[in-house]
Amino acid sequence: MLSKEKMARINELANKAKGEGLTLAEQNEQKALREEYLERFRGGMRNHIEGMKVVDQEGKDVTPDKLKSIQKDKGLHNRHIEE
């Protein structure tokens, strides 16, 4: 996640854009901060999803094969031992 300072700056620029508008330099800064935020958010979400193990009501592993393959490559959930 981004630092508190960067998050505060994103919000500050968003509020200023709604009010008086942004200079070209501020627009570029806002774009860069948003891209960094999205990159980190997506990376965190990917790690979260890749770490999931799906089980049915009977406790049987029903994780999709594509996700199992990713987990096997990363050594998660002892997938490297299976198969």
Give me the lysines in straight-line cross-link reach of K72: C-alpha distance below 22 Å, same-chain residues under 8 apart excluded. K53, K60
Take the alpha carbon atoms of region 1-21, find their center, do the same for region 30-83, and report the distance between the two centers in whole angstrom. 31 Å
Could you point to the residue in T63, F41, A14 farthest towards the positive end of the chain's charge dipole, with +1 and -1 charges on the Cβ of Lys/Arg and Asp/Glu respectively? A14
With the dipole of the chain worked out from charges on the C-beta (+1 for Lys and Arg, -1 for Asp and Glu) around the Cα centre, which of N78, Q27, V54 lies farthest toward the positive end? Q27
If all Cα-Cα distances of the chain are sorted into 5 Å bins from 0 onward, what percent lands in each bin, rounded to whole numbers? 3, 13, 17, 14, 10, 8, 8, 9, 9, 7, 3, 1, 0
Work out Dmax and Rg for region 1-45 from the C-alpha atoms and quote the Rg first, both in angstrom. 11.0, 34
Where nothing but the Cβ of Lys and Arg (+1) and of Asp and Glu (-1) is charged, how large is the charge dipole of region 1-45 around its Cα centre, in debye to the nearest 20? 160 debye
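Could you give the size of the charge dipole of the chain about its Cα centre, using +1 on the Cβ of each K and R and -1 on the Cβ of each D and E, expressed in debye and rounded to the nearest 20? Let's see the in-between values first.
Values: 17 positive and 16 negative charges, 26 e Å.
It works out to roughly 120 debye.
For a quick protection proxy, order the peptides 22-33, 49-60, 66-77 by their average other-Cβ count within 10 Å, most packed first. Can you show the working numbers first?
Numbers: 22-33: 12.6, 49-60: 9.6, 66-77: 14.7.
Top of the packing list down: 66-77, 22-33, 49-60.
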Partner aspartates and glutamates whose C-alpha sits under 15 Å from that of K6, ignoring same-chain residues fewer than 8 away, are E26, E29, E35, E36, E39
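Here, each number is a calculation from the coordinates, and none is a lab measurement. Treat the numbers as computed from the prediction; the structure is a model and nothing was measured. Positions of Cβ are generated from backbone atoms using ideal geometry, with glycine treated the same way; all protein chains shown enter the neighbour counts.
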